[in-house]
Amino acid sequence: MDPVLQHLIATLTEKFEAPRERVRPEATLGDLDLDSLAVIELFVTLQEHWNIPLDDTGADGRLTVDEVAHAVNDLLHQQDHDTVQ
């Protein structure tokens, strides 16, 4: 499993107390009962963990777990690419 998705699932279940059985890639953050403040807190948590500038301007409960994981992975790949240049 993708390490970003693994960390995201762990964060959602441990820090935000989302039921593990409901944390699936297609689940929205709203499905996991994260309100707007919790979504921002999730983004801040991910930014700090991965040391990336995750843009939270579009962060809301309609985002899926998979979309958040992809956003983090994209930034990590971009960061790796920028480091190589």
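Computed values, structure above
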{"read-out": "Total residues in the stretch 52-76, condition in a strand (DSSP E or B) and surrounded by fewer than 16 Cβ atoms within 10 Å (Cβ to Cβ)", "value": "0"}
{"read-out": "Some residue of the stretch 49-56 being free of Cβ contacts under 8 Å to residues at least 24 places away in the same chain and among the β-branched types (Val, Ile, Thr)", "value": "no"}
{"read-out": "Residue under evaluation Val44, criteria (1) at pLDDT 95 or above; (2) of a type in the set (A, V, I, L, M); (3) touching a helix residue (DSSP H, G or I) at 6+ places or on another chain (Cβ under 9 Å), criterion not met", "value": "(3)"}
{"read-out": "Some residue of the stretch 39-46 being farther than 17 Å from Ala18 by Cα, surrounded by 15 or more Cβ atoms within 10 Å (Cβ to Cβ) and either out of contact with any strand residue (DSSP E or B) (no Cβ under 7 Å at 6 or more places or on another chain) or of a type in the set (Lys, Arg) (or both)", "value": "no"}
{"read-out": "Where a residue in the stretch 7-18 is without any contact (Cβ under 8 Å) to a residue 24 or more places away in the chain and its partner, wherever it lies, is in a helix (DSSP H, G or I), with Cβ under 9 Å and at least six apart", "value": "Thr13/Arg20; Ala18/Ile9; Ala18/Leu12"}
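The values are calculated or read from the model by the stated rules, or taken from the named source; none is laboratory data. These numbers were taken from a predicted model, which means no experiment stands behind them. Positions of Cβ are backbone-derived with ideal geometry, glycine not excepted, and every protein chain shown enters the neighbour counts.
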